[in-house]
Amino acid sequence: MKVSAVPYVALKALRRNKMRTILTMLGIVIGVAAVITMVGLGQGASSEVQEQVNRLGQNVVLVFPGARQLGGVSIGGGSANTLTIDDARALREEIPEVIAASPEVRSQTLIVYGNRNYHTRVYGQSHDYLQIRQWPIESGRMYTEEEVERTALVAVVGQTIVEEVFEGADPIGEMIRVRGVPLQVIGVLSRKGMSLMGSVQDDIVIVPYTTAFQRISGRSHAMVINIQVYDEHSMEIAQAKITDLLRERHRLAPYQENDFTVQTQEDVAQAATETSRIMTWLLASIAGVSLFVGGIGIMNVMLVSVTERTREVGLRLAVGAKSPDVLLQFLIEAVVLCLLGGIGGIALGVIATEVIATYAGWPALFSTEAMIVAVGVSAAVGVFFGFYPAWKASRLDPIEALRTE
Amino acid sequence: MAIVELKQITRTYRTGSVAVDALRGIDLMINEGVFASIMGASGSGKSTLMNILGCLDQPTGGSYHLDGEDVSTFNKNKLANIRNRTIGFVFQSFHLLPRTTALENVELPLLYSDDNLSWKEIHNRAMHALEIVGLADRAKHNPNELSGGQQQRVAIARALVTKPKILLADEPTGNLDSRTSLEIIDIFQELNKQGLTIFMVTHESDIARFSERIVTLRDGLIISDKKVVPIQAKTALANWKEQEAIELENEVTL
Ligand SMILES: Nc1ncnc2c1ncn2[C@@H]1O[C@H](COP(=O)(O)OP(=O)(O)OP(=O)(O)O)[C@@H](O)[C@H]1O
Ligand SMILES: [Mg+2]
């Protein structure tokens with residue numbers, strides 16, 4: 001058979017059945033689009049996580065109460081009561097590498113401004129917390145160490161609070177009430193965006209930890225101590241010193257386990273990246289399933305089409321087509337279906353990713369690899385699922401085939 | 001010279017435990033340039049014989065020499081080549097590809113040819129074959145835009161396009177009215193005059209009389225084989241026109 005006639009015959013057959021061609025392609029289009037979108041979004045999410053981790057602050061060490069948890073990472077903070085305010089103070093004063101330490105206490109609570117109520121998180125932190133987090137003040141000021149010492153009734157609020165409670169007006173100097181405690185707003189934080197855990201970080205009120213412990217939360221122990229280390233090279237030695245100091249302060253005998261957990265920003269980053277990597281794989285495999293289903297659709301349609309086109313095959317055989325010619329024709333039909341579907345799927349996938357990424361506020365990442373793989377996979381799907389029907393067609397007996405109605 | 005030579009051809013169909021002897025020992029010689037027809041009752045084995053002659057099927061026993069070659073020993077690939085090059089086949093129900101133009105239908109056998117023709121040549125040859133059957137002006141029409149007679153003419157063009165040595169036709173006029181049948185037979189006679197060997201199945205003796213040799217089958221055996229003087233389809237067509245004119249006149253006067 002003429003070599004260029006093989007694809008010609010296959011393309012003609014596809015054109016003769018436009019509707020079927022389009023419907024069959026749709027399965028592959030959706031499958032490939034799903035793969036591209038999921039991988040794109042997954043990678044976008046990963047890079048966003050990376051970005052978040054960087055925004056966490058520089059050279060940050062977190063000390064959680066309680067022993068190391070399963071999986072090695074505790075992001076949320078323990079509930080054990082082992083870390084005191086004095087621990088935080090000792091860490092700052094006795095370890096030279098530690099330049100800031102803030103004992104944190106959180107309360108989910110209602111804040112009242114005039115006749116407006118708003119549910120938010122109130123954080124107790126030290127005066128240098130914003131330095132640890134590298135979180136600049138937008139207007140007003142942060143409270144001072146002296147204000148922390150005297151349990152001053154002041155607060156610094158995030159952008160969400162400005163929008164939701166003060167309706168965008170300047171809140172500096174205004175009084176808000178938290179659990180009956182009047183607090184004067186002295187500063188507004190700059191916008192920070194979403195956190196690793198997906199919460200809006202700007203939905204926050206920060207008060208001196210003394211005020212938080214004594215007047216608001218009623219707790220006596222820190223949920224976490226945020227620590228900033230002098231520089232990157234001191235991270236390891238600082239961690240060791242922190243561990244030693246806390247063990248000594250907690251009077252732990254050598255055989256006893258730590259009753260606290262020291263983690264660095266990298267630990268948190270690793271956990272988060274791992275999570276998003278797993279998510280990407282999960283999404284991609286779901287998308288892969290839909291590609292597989294699309295492939296089965298191709299096989300189904302090709303099988304039906306072989307039955308439907310038995311007479312056509314019979315005629316081709318009668319005028320001199322050989323079994324391999326017929327096999328190749330049907331195989332090429334399936335592969336072309338899949339390739340066209342793959343290209344359509346890329347287009348749809350790119351659009352879908354853009355739309356979803358814009359909506360979710362993520363960066364959309366397209367990897368050329370994902371696209372090449374998707375098209376390669378769809379061609380493979382074509383060969384794989386097209387082979388059986390093609391083989392069936394090529395095995396037809398010309399007389400039997402011509403006789404079918 | 002004999003182009004077809006059958007010796008003791010048998011064909012047995014097996015369906016489970018039942019065996020049907022469709023052909024029970026056929027001896028047949030057809031010389032080059034002959035226009036022959038096979039007749040016989042339904043089930044007598046005409047189509048079975050035709051399929052074997054057309055290399056679409058293989059005999060259970062006996063030998064078949066086509067154009068000097070013993071094709072009963074050929075494998076599937078070689079048979080496909082014979083079907084493509086040496087044989088042109090015309091079917092009762094045309095078997096044109098739907099939604100495919102007449103021209104593309106005629107081009108089809110050339111696509112499967114081993115001669116590796118250029119696209120231009122494929123095109124020209126198909127066009128020429130359509131000219132032979134008088135349908136060059138319908139080249140771009142799909143089968144559903146053509147009458148039954150025209151469709152069969154496209155099918156004949158498709159059979160002719162590879163310049164075969166022998167044209168086989170299994171009831172080529174079976175789906176056509178008598179007038180259109182005559183036109184098809186006329187084409188056959190024209191082709192035969194130019195030297196093409198034609199072998200045709202029919203169960204209408206009216207149609208068989210246009211051929212020069214009539215072979216009759218019964219229960220898988222040849223029961224008669226006689227030479228006749230063929231009627232000319234051209235004359236029959238002319239008479240037909242006269243007849244029509246007379247009938248029309250009668251209708252008008254009535
Ligand atoms: N594929 C088959 N399987 C089993 N038996 C078959 C098959 N094809 C034909 N036969 C049998 O072989 C015999 C000859 O059939 P064939 O089709 O050759 O008859 P025919 O002369 O062409 O009849 P018709 O004029 O009706 O076309 C019949 O008895 C038929 O039932
Ligand atoms: Mg028959």
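Counting only other chain Cβ atoms within 10 Å of each residue's Cβ, the peptide B:116-128 averages 1. Past the 30 Å Cα-Cα mark, which pairs from A:Lys18/B:Lys78; A:Lys2/B:Lys193; A:Lys18/A:Lys392; A:Lys18/B:Lys120; A:Lys12/B:Lys193? From A:Lys18/B:Lys78; A:Lys2/B:Lys193; A:Lys18/A:Lys392; A:Lys18/B:Lys120; A:Lys12/B:Lys193, over 30 Å: A:Lys18/B:Lys78; A:Lys2/B:Lys193; A:Lys12/B:Lys193. Think of the protein assembly as shown as having a plus end and a minus end, set by charges on the Cβ of Lys, Arg, Asp and Glu; of B:Gln194, A:Leu327, A:Val165, B:Gln194 sits farthest toward the positive end of this dipole.
Inter-chain Cβ neighbour count for B:92-105, averaged per residue, equals 3 (cutoff 10 Å, partner chain atoms only).
Tally Lys/Arg at +1 and Asp/Glu at -1 over every other residue whose Cβ is under 9 Å from the Cβ of B:Val201; what's the total?
Values: positive: B:Lys46; negative: B:Asp170, B:Glu171.
Net charge in that neighbourhood comes out at -1.
Structural size metrics of region B:51-174, computed from C-alpha coordinates, are Rg and Dmax of 14.9, 46 Å.
Give the ranking of B:His65, A:His250, B:His95, A:His233 by solvent-accessible surface, highest area first, calculated with a 1.4 Å probe. Could you put the intermediate results ahead of the total?
Values: B:His65 60, A:His250 35, B:His95 15, A:His233 165 Å².
These residues rank, largest area first, as A:His233, B:His65, A:His250, B:His95.
Computed from Cα positions, the angle between helix A:18-55 and the longest principal axis of chain A comes to roughly 20 degrees. Measuring spread by the Cα atoms of region B:15-106 yields a radius of gyration and Dmax of 15.4, 46 Å. Placing unit charges on the Cβ atoms only, positive for Lys and Arg and negative for Asp and Glu, gives the protein assembly as shown a dipole magnitude near 1720 debye about its Cα centre.
Top to bottom by accessible area (1.4 Å), largest first, where do A:Val375, A:Val32 land?
A:Val375, A:Val32
Restricting the GluC sites (Glu not before Pro) of region A:223-284 to loop positions (DSSP other than H, G, I, E, B) with no more than 12 neighbouring Cβ atoms within 10 Å leaves A:Glu257. With a cut-off of 13 Å between beta carbons, the residues surrounding B:Leu56 carry a summed charge of +1, where Lys and Arg count +1 and Asp and Glu -1. Phi angles of region A:104-120 translate, via the Karplus equation with coefficients 6.51, -1.76, 1.60 and θ = phi - 60°, into HN-Hα couplings of 9, 9, 10, 9, 8, 7, 8, 10, 10, 9, x, 9, 9, 10, 8, 8, 8 Hz per residue; Gly and Pro are given as x.
Computed on the Cα trace of region A:276-362, the radius of gyration divided by the Kirkwood hydrodynamic radius gives Rg/Rh = 1.19.
Taking K and R as +1 and D and E as -1, what net charge do the other residues with C-beta under 12 Å from the C-beta of B:Gly149 add up to? Walk me through the numbers on the way to the answer.
Numbers: positive: B:Arg138, B:Arg153, B:Arg179; negative: B:Asp177, B:Glu183, B:Asp186.
So the surrounding residues net to 0.
Please compute the Kirkwood hydrodynamic radius of region A:83-160 from all pairs of different C-alpha atoms, in Å with one decimal. By the Kirkwood definition, the hydrodynamic radius is 14.2 Å.
If you count, for every residue in B:44-55, the Cβ atoms of partner chains within 10 Å of its Cβ, what is the mean? Mind showing how you got there, number by number?
Working: counts 0, 0, 0, 2, 1, 0, 0, 4, 0, 0, 3, 3.
Taking all residues of B:44-55 together, the mean is 1.
Distant-in-sequence amide contacts of B:Asn31, defined by a placed amide H-H separation under 5 Å and a gap of 5 or more residues or a different chain, comprise B:Ile3. Projecting the Cα atoms of A:Gln263, A:Thr144, B:Phe94 onto the charge dipole of the protein assembly as shown, computed from C-beta unit charges around the Cα centre, puts B:Phe94 farthest toward the positive end. Across region A:330-342, computed HN-Hα scalar couplings (Karplus, 6.51 cos²θ - 1.76 cosθ + 1.60, θ = phi - 60°) run 5, 5, 5, 4, 5, 5, 4, 3, 5, 5, 4, x, x Hz from first to last residue, x flagging Gly and Pro. Normalised by 2.2 N^0.38 Å, where N counts its residues, the alpha-carbon radius of gyration of region B:78-138 equals 1.14.
Computed as a quarter of the hull surface, the mean projected area of the alpha carbon convex hull for region A:228-301 stands at 8.5 nm². The mean accessible area for residues of the protein assembly as shown, using a 1.4 Å probe and ignoring ligands and nucleic acids, is 46 Å² per residue.
Counting only the heavy atoms of the protein chains, how much of A:Met175 is accessible to a 1.4 Å probe, in Å² to the nearest 10? That residue has around 100 Å² of solvent-accessible surface. Remark: accessible surface ordering of A:Arg277, A:Arg133 (largest first) is A:Arg277, A:Arg133, probe radius 1.4 Å.
222 nm [θ] for chain A, helices only, -39500 (n - 2.57) per DSSP H run of 4+, per residue, to 500? Show your work: numbers first, answer last.
Details: 12 runs with 215 residues, N = 405.
So the helix-based figure for chain A works out to -18000 deg cm²/dmol.
Give the Kirkwood hydrodynamic radius (Å, one decimal) of region A:81-258, defined as one over the mean of 1/r across all pairs of different Cα atoms. Don't jump to the answer; show the numbers that get you there.
Numbers: mean 1/r = 0.0586 Å⁻¹.
The answer is 17.1 Å.
Here chain B carries DSSP beta bridges of which approximately 55% are antiparallel, counting only pairs with both residues inside.
Along its principal axes, the protein assembly as shown has C-alpha extents of 132, 69, 45 angstrom, given from the largest down.
With all distinct Cα pairs included, what does the Kirkwood hydrodynamic radius of region A:149-228 come out to in Å, to one decimal, could you say?
13.6 Å
Write down Rg/Rh for region B:192-254, rounded to two decimals, with Rg from the C-alpha atoms and Rh from the Kirkwood relation over Cα pairs. Working shown, then result.
Numbers: Rg = 16.9 Å, Rh = 14.4 Å.
Reported Rg/Rh (Cα atoms, Kirkwood Rh): 1.17.
Every Cα-Cα pair in region B:2-245 was counted, and those over 31 Å apart are 23% of them. Building the convex hull from the alpha-carbon atoms of region B:125-254 and averaging its projection over directions returns 10.5 nm². Taking the 1.4 Å solvent-accessible surface of region A:289-370 as the whole, the part contributed by carbon and sulfur is 77%.
The values are calculated or read from the model by the stated rules, or taken from the named source; none is laboratory data. All of these numbers come straight from a predicted model, not from anything done at the bench. Methodologically, a virtual Cβ is constructed for each residue, glycine included, from the backbone with ideal geometry; neighbour enumeration extends over all protein chains shown. In case anyone asks, the SASA skips ligands and DNA or RNA and just uses the protein heavy atoms, side chains included. Shrake-Rupley method; radii C 1.70, N 1.55, O 1.52, S 1.80 Å.
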